Amino acid sequence: MKNFINRQKLRSALIIFSFLLLPATFAYISCPIIIEGASEGIASGGLIVFILLFLSSLFVGRLWCGWLCPGGGLQEIYFQINNKPVKPGRLSWLKLLLFLVIILIPLISAINSAGGIEAIDLFYGTENGISIARAGSHIIFFVQIAFFSVFALLAGKRGFCHYFCPIAVIMILGRKIRNILAWPALHLSAEKDLCTDCRICSKNCPMSLDVNNMVRQQRMEKSECILCGCCVDHCPESAIRYAWFG
């Protein structure tokens, strides 16, 4: 159990460190900067990151959300202020709508208006590789921080992830494709006979999932699961584990 808890300390350190790096890296998850680049026929570093997130989701689901997302890091810091569970499913359709309005439709339109992608610039939207150093970028940066903060503080645990994050949709779509085609991929597996209904797994889930019920039904696949492993590492009976096959 001690080694498992240390794994969660490592996860927390990684995701919070990712947030601390956000002033330098936010251009790589900023939708306006990605669209701006596409309108000039440029595949920015952010667009490449989005493509890589989709490809990774085909094999590791939303692992990035649980271990490396800077917005997730900020929201988990806010757990100290508002640790109220969010009801998964309520208004979760909103981020799909936002994905269409903020990312997909503007991106397709921008690429068409530019006549296609003609170049790749991994540092587009940055100044010498630093996002916030570019003139005017600090406005986009603070707007993003405001969105993360408002949803996390008002809605509860990772509220932004549940209701607003359009980037999550990219990985959810990739995961659904994997589930249809059923090739080996990282997922959670459970043995319900080992479960004692202590509900420690549900209490520690940062995405407010009813993990206990998932174990009892042996249906561990949920679109809001970020594979953070909190339920794996806190289960006193080791009823939940990571798996690749099955």
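Read-outs: derived from the displayed coordinates by stated rules, not from any lab. Just so you know, these numbers come straight off a predicted model, no measurement behind them. Neighbour counts are summed over all protein chains in view; Cβ atoms, including those assigned to glycine, are modelled from backbone coordinates with ideal geometry.
Against the main long axis of the alpha-carbon atoms of the chain, helix 45-60 sits at an angle near 20°. Straight-line cross-link reach from Lys9 at under 23 Å between alpha-carbon atoms covers these lysines, not counting any fewer than eight positions away in the same chain: Lys84, Lys157, Lys203. Using the Cβ-Cβ distance between Ser109 and Asn6 with R0 = 41 Å, the FRET efficiency computed as 1/(1 + (r/R0)^6) comes to roughly 0.30. From the Kirkwood radius over Cα pairs of region 111-246, Stokes-Einstein at 37 °C and 0.692 mPa s returns a whole-number translational diffusion coefficient of 182 µm²/s.
When all alpha carbon pairs of the chain are counted in 5 Å bins from zero, the resulting P(r) reads 1, 7, 12, 17, 19, 17, 12, 7, 5, 2, 1, 0 %. Of the residues Ile51, Tyr28, Ser92, the one whose Cα sits farthest toward the positive end of the charge dipole of region 1-113, with +1 on the Cβ of Lys and Arg and -1 on the Cβ of Asp and Glu, is Ser92. Taking the Cα atoms of region 47-171, the ratio Rg/Rh between the radius of gyration and the Kirkwood radius comes to 0.99.
Output the relative contact order of region 29-157, whole-number percent, from Cα pairs under 8 angstrom with separation of 6+ residues. Answer for region 29-157 is 45 percent.
Normalised Debye scattering of region 1-62 at q = 0.13, 0.20, 0.27, 0.28 Å⁻¹ gives log10 I(q)/I(0) of -0.50, -0.89, -1.06, -1.07, counting only Cα atoms as equal scatterers and leaving out solvent.
Amide hydrogen proximity for Glu127: with H placed 1.01 Å from N in the peptide plane, the residues at 5 or more positions away or on another chain lying under 5 Å are Ala133, Arg134. Dividing the summed helix terms, -39500 (n - 2.57) for each DSSP H run of n ≥ 4, by the number of residues in the chain produces a 222 nm estimate of -15500 deg cm²/dmol to the nearest 500.
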